[in-house]
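Participant: Just passing along the structure, written as structure tokens.
The values are calculated or read from the model by the stated rules, or taken from the named source; none is laboratory data. Quick caveat, the model's predicted, so the values are computed rather than measured. Here the Cβ positions follow ideal geometry from the backbone for every residue, glycine too, while neighbour counts run over all protein chains shown.
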Amino acid sequence: MISLACEIAGVKLNNPFIMASGTYGFGKEYSAYCDLNKLGGISGKGLTLHPKAGNKGTRIFETASGMLNSVGLENPGIEAFLAHELDEMVRWNTAVLINLGGGTIGDYVEGAALISEDNRIRRLDNRRGADMIELNISCPNVKEGGLAFGVETETARQVVREVRRATDMPLIVKLSPNAQDIRAMAVMCEEEGADGISLINTFSAMKIDIKRRRSVFDNLYAGLSGPAIKPIALRMVHQAAKAVSIPVIGMGGIVTAEDAVEFIMAGAAAVQVGTANFMNLRVGEELADDLYRYMEAEKIASLEEIRGII
Ligand SMILES: Cc1cc2nc3c(=O)[nH]c(=O)nc-3n(C[C@H](O)[C@H](O)[C@H](O)COP(=O)(O)O)c2cc1C
């Protein structure tokens, strides 16, 4: 018997593959191509208290083994999401993470409180709600993305502390690779009562249009993701996993089941898959099948056998 199942903060996942925020809409956008019931989870597009139109100009640019994005957290706002999107998202047999961004501590707290209140009402009504909040203190593309909070540990502590007070839902804090000290950031999250951490978000990066003699992006810099960042992401996940005992969700450049196995061996409890969704719309479903075949060939019955062995 081979089991791909895993558990994060009391939430059971079918398998370790969670589709990463900003690369999978709210799930339904992919439902014609991929069986969402075969995913471990979906982290929805990053939400802010108020709707956001996103950035002007070029938003996506392909690079060697990766991509740059400057989407700027385009989203309908938390209230519209809860009213019009969440019911559809929880129809699938897959964990639902709400990715929360913010420009001020007040925004984050108010956002977390709205999500938690919705969750409480759904519980009373016996309706399924979201499973976890993924607190994004790491989006490099907009002020409201929270990177201002995600670089220095003590600044991030204030947000994590206040949001922890505002919600009793499982809370995952998403870390930035641009953090000054990734180990200290991970430890701080554990100290402040987070139920887990996820890492990494994109690297602040750049592309210049030499004909126009200016940055390709109106915002100058953009976030780098995809296979190009995988070795660095793996090192950071390893460092974070060694530093804390709460679950670590690893991501950055995962395209194959073997990539995911590396993250699990580095200590990840589960993984997220982002850029690969733009290369193959069915990748989420295929990864679970590929991981099963890998475990069968290697005679591994459960992910616990290989988790954190490095
Ligand atoms: C187009 C795009 C939009 C993204 N939007 C968000 C977002 O709204 N919130 C967030 O936390 N991360 C966002 N991310 C970061 C991804 O969730 C992920 O952390 C990152 O891309 C690294 O994983 P990958 O290399 O598998 O893509 C976005 C990434 C991309 C490529």
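Participant: Consider I200 carefully, then state whether it is touching a helix residue (DSSP H, G or I) at 6+ places or on another chain (Cβ under 6 Å) and either acidic (D, E) or within 12 Å of the ligand (Cβ to nearest atom) (or both). Step through it out loud before you land on a result.
Facilitator: Numbers: touching a helix residue (DSSP H, G or I) at 6+ places or on another chain (Cβ under 6 Å): yes; either acidic (D, E) or within 12 Å of the ligand (Cβ to nearest atom) (or both): yes.
For I200, the condition - touching a helix residue (DSSP H, G or I) at 6+ places or on another chain (Cβ under 6 Å) and either acidic (D, E) or within 12 Å of the ligand (Cβ to nearest atom) (or both) - is met.
Participant: Next question. Which residues, taken from the stretch 57-79, are under 13 Å from G101 (Cα atoms) and either near the ligand (Cβ under 10 Å from one of its atoms) or loosely packed, with under 15 Cβ neighbours inside 10 Å (or both)?
Facilitator: G72, L73, E74, N75
Residues are listed down the side, and each one gets a yes or a no for (1) farther than 22 Å from I60 by Cα; (2) modelled with pLDDT of 95 or more; (3) touching a strand residue (DSSP E or B) at 6+ places or on another chain (Cβ under 6 Å):
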residue	(1), (2), (3)
A228	no, yes, yes
A260	yes, yes, yes
E286	yes, yes, no
Y294	yes, yes, no
E298	yes, yes, no
E305	yes, yes, no
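Participant: If you don't mind, another one. Output the residues belonging to the stretch 242-277 that are more than 11 Å from the ligand (Cβ to nearest atom), of a type in the set (G, A, S) and closer than 23 Å to E296 by Cα.
Facilitator: A257, A266, G267, A268, A269, A270
Participant: Then there's this: Output the residue which, of all residues in the stretch 168-184 that are surrounded by 24 or more Cβ atoms within 10 Å (Cβ to Cβ) and closer than 29 Å to T63 by Cα, is nearest to the ligand (Cβ to nearest atom). Outline the logic, then answer.
Facilitator: The first filter runs over the stretch 168-184 and keeps only residues surrounded by 24 or more Cβ atoms within 10 Å (Cβ to Cβ), leaving 171-176, 179.
Checking the rest, the ones that are also closer than 29 Å to T63 by Cα come to 173-176, 179.
Details: V173: 11, K174: 5, L175: 10, S176: 9, A179: 13 Å.
It comes out as K174.
Participant: So, one more: Among what's in the stretch 223-242 and is among the small types (G, A, S) and farther than 10 Å from A266 by Cα, pick the residue that is surrounded by the most Cβ atoms within 10 Å (Cβ to Cβ).
Facilitator: For the stretch 223-242, the residue satisfying everything is S225.
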